[in-house]
Every structure is written in structure tokens, then in C-alpha cells.
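Visitor: Got a structure for you, questions after.
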Amino acid sequence: MNPKDQKLLEALKKGNIPVFESIFRSYYPNLCHFAFQYVQDKAVAENVVQETFVRIWENRSTIIISKSIQNYLLEMVKNRCLNYLEHASVRRKYAEKVRSKVTIERKESQDIQFFEVGLSEKIQTSIEALPEKRQQIFRMCKQDGLSYKQVAEKLGVSVKTVENHMGLALKELRQSLKEYKNHFLLFSLFQE
């Protein structure tokens with residue numbers, strides 16, 4: 001280490017603020033340019049250099065420099081840039097993984113919605129395929145929420161007739177929708 005750097009280092013170790021400021025002003029612009037060559041972002045380069053000087057000030061009493069101050073600073077800035085790039089790479093990979101997962105989940109959600117729309121249409125078509133009286137009874141029980149007794153009273157038929165129509169309607173619908181038998185939309189539909 002040259003004698004000038006040795007004197008600066010000794011003053012820095014003693015906490016001499018004007019010496020620290022002098023080193024900062026002397027090297028800051030070139031170090032920012034040097035850091036930019038690695039990180040390709042002016043603001044990040046400036047942050048890296050500023051953090052380097054903060055670290056030097058915080059550890060001033062224990063700093064050991066065997067080469068020139070300039071070489072020491074360049075080495076520190078280079079290492080901080082490489083650390084930044086490594087962390088940026090990890091963040092980028094994580095972000096890509098999250099984006100990929102969100103894309104897959106969105107597609108699965110769209111597929112489910114498409115499936116459920118198709119299933120809803122199939123349910124309606126199957127209900128409409130029931131004989132008229134059976135369809136009417138089924139809709140009154142399942143869609144209007146009326147009891148068998150209420151349906152029987154409204155239609156002027158026996159409760160047993162309503163039960164028979166509902167039993168046959170459910171049997172026909174189960175057959176018509178058997179490929180969807182485990183789908184949650186059908187659980188309430190098929191319960192008597």
C-alpha cells in the first residue's frame with residue numbers, strides 16, 4: 001500500500017469524517033460507473049456504492065487493506081454487485097415460478113368454469129327432457145323448494161304421486177348425468 005493510502009486508512013480507522021468524505025468524493029463517480037457495468041441500472045449501481053461506503057464506515061476500525069484503497073473499493077463494489085445479481089436472479093426465478101403457478105391456476109379455474117357451464121346446460125337439458133308433469137313436479141320441489149305435500153296440494157294430486165314422479169325424475173336424471181355423478185353441483189340435485 002502506498003504511503004498516501006496508508007495515512008488515509010489510519011485517519012479513517014480513527015473515525016476522521018473529513019477523510020471519509022474525501023475518499024467518498026474521490027471514488028464515488030468511478031465506482032458508480034464500475035458498478036453500472038455489472039448491474040446495468042444506474043439507481044442500483046449508486047445504491048451498491050453507497051452501501052459499500054456505509055459498510056466501510058461501520059467497520060472502519062477493523063478494516064484491513066493490503067492493496068490500494070481504490071483496489072479495495074473496486075473489489076468490495078464488485079462483490080456487492082455479484083451478490084445483487086445473484087439475489088436478483090433468485091427473485092426473478094421465484095417471480096417466474098409464481099407467474100407460472102398463477103397462469104396454471106387461472107387456466108384450471110377457467111376449465112372448471114367452462115365445465116360447470118357445460119354441466120349446468122346439461123342439467124337443464126336433462127330436466128327439460130323429463131315428461132311434462134314430472135318436470136313440473138321436479139321444478140316445484142327442487143327449484144321452488146316446496147315440500148311434497150305443498151306440491152301435492154297445489155297440483156291436486158296425492159303426496160304418493162308426487163313421491164313417485166320425483167323418484168322417477170331423479171332416476172332419469174341420474175342416468176342422464178351419470179358421467180357427472182361425483183360433481184358437487186349434482187349433490188343437492190340428487191337428494192330426495
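Visitor: Are any residues in region 25-38 closer than 18 Å to Asn79 by Cα and surrounded by 14 or more Cβ atoms within 10 Å (Cβ to Cβ), and if so, which ones?
Guide: Tyr27, Tyr28, Asn30, Leu31, Cys32, Phe34, Ala35, Phe36, Tyr38, listed by residue number.
Visitor: Tell me the residue from Glu58, Glu86 that is closer than 22 Å to Ser22 by Cβ and among the acidic types (Asp, Glu), please.
Guide: Values: Glu86 fails: closer than 22 Å to Ser22 by Cβ.
Answer to the check: Glu58.
Visitor: Residue by residue through region 121-159, note down the ones that are under 19 Å from Gln175 (Cβ atoms), hydrophobic (A, V, I, L, M, F, W, C) and in a helix (DSSP H, G or I).
Guide: Ile123, Ile127, Ile137, Phe138, Cys141
Visitor: So is Lys93 at pLDDT below 90 and assigned to a helix (DSSP H, G or I) or not?
Guide: When the stated conditions are applied, Lys93 passes them.
Visitor: Looking at (1) of a type outside the set (Lys, Arg); (2) touching a helix residue (DSSP H, G or I) at 6+ places or on another chain (Cβ under 9 Å); (3) at pLDDT below 75, can you tell me which one Ser109 breaks?
Guide: (2) is the only condition that Ser109 fails.
Visitor: If you don't mind, there's one more thing I want to ask. Look at region 158-178 and say how many of its residues are surrounded by 14 or more Cβ atoms within 10 Å (Cβ to Cβ) and either within 42 Å of the chain's Cα centre (by Cα) or outside the structural domain of Gln143 (by TED's automatic domain parsing) (or both). Outline the logic, then answer.
Guide: Here is the first cut: in region 158-178, the ones surrounded by 14 or more Cβ atoms within 10 Å (Cβ to Cβ) are 159, 161-166, 168-170, 172-174, 176-177.
Add one more test, that the residue is either within 42 Å of the chain's Cα centre (by Cα) or outside the structural domain of Gln143 (by TED's automatic domain parsing) (or both), and what stays is 173-174, 176-177.
Summing the residues that are surrounded by 14 or more Cβ atoms within 10 Å (Cβ to Cβ) and either within 42 Å of the chain's Cα centre (by Cα) or outside the structural domain of Gln143 (by TED's automatic domain parsing) (or both) in region 158-178 gives 4.
Visitor: Right, something else. Does Asn79 count as over 24 Å from Asn2 (Cα atoms), in a helix (DSSP H, G or I) and modelled with pLDDT of 90 or more?
Guide: Details: over 24 Å from Asn2 (Cα atoms): no; in a helix (DSSP H, G or I): yes; modelled with pLDDT of 90 or more: yes.
No, not satisfied.
Visitor: Give all pairs with beta carbons closer than 7 Å in which a residue from region 56-82 that is within 17 Å of Ser26 (Cβ to Cβ) and free of Cβ contacts under 8 Å to residues at least 24 places away in the same chain meets a residue that is buried (at least 17 other Cβ atoms within 10 Å of the Cβ) and of a type in the set (A, V, I, L, M, F, W, C); count only pairs at least 6 apart in sequence or on separate chains.
Guide: Hits for this filter: Tyr72/Ile65.
The values are calculated or read from the model by the stated rules, or taken from the named source; none is laboratory data. Bear in mind that the values here come from a model prediction, so they are computed numbers and not experimental data. Don't worry about glycine lacking a Cβ; one is built from the backbone with ideal geometry, like all the others, and counts go over all protein chains shown.
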